Amino acid sequence: DSATHVLKVEVLEVKSRVGNLKSHSTETKLEATGDATCVAKLTVEYELEDGASLSPEQEKMIVDGYFSMLQMIEAYLVAHPAEYA
């Protein structure tokens, strides 16, 4: 959403490094903090096939993966500023 700078993604039935997920959704919100800077706020919701919960280590693995993806997107956009003009 270009007006609110929010990206929402939902995936059903996914196999990941943390196990088999029945559903998985993320919401990433970018908030401007200054000229050419922002804060990324990430919300992750999931449901495991067996109804269990993820361990703190597994949760960190998911969050770290999404922040790595955001960093790659940022690097691409910095290198190609006309792509998002």
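Kindly indicate which of Glu10, Glu83 is in contact with a Leu (Cβ under 7 Å, 6 or more places away or on another chain) and open to solvent by 70 Å² or more (accessible area, probe 1.4 Å).
On the way: Glu10 fails: in contact with a Leu (Cβ under 7 Å, 6 or more places away or on another chain).
It is Glu83.
For residues in region 36-54 being at pLDDT 80 or above and part of a loop (DSSP other than H, G, I, E, B), which is nearest to Leu12 (Cα to Cα)?
So the residue we want is Glu49.
Which count do you get for residues in region 33-64 that are out of contact with any strand residue (DSSP E or B) (no Cβ under 7 Å at 6 or more places or on another chain) and exposed (fewer than 13 other Cβ atoms within 10 Å of the Cβ)?
So the answer is 13.
Return the total of residues in region 14-26 being open to solvent by 70 Å² or more (accessible area, probe 1.4 Å) and either part of a loop (DSSP other than H, G, I, E, B) or without any contact (Cβ under 8 Å) to a residue 24 or more places away in the chain (or both).
2
The values are calculated or read from the model by the stated rules, or taken from the named source; none is laboratory data. All values reported here derive from a predicted model rather than from experimental measurement. Counting neighbours? That spans all protein chains shown, and the Cβs are built from the backbone with ideal geometry, glycine included. We work out accessible area using only protein heavy atoms, side chains counted, and drop any ligands, DNA or RNA first. Shrake-Rupley method; radii C 1.70, N 1.55, O 1.52, S 1.80 Å.
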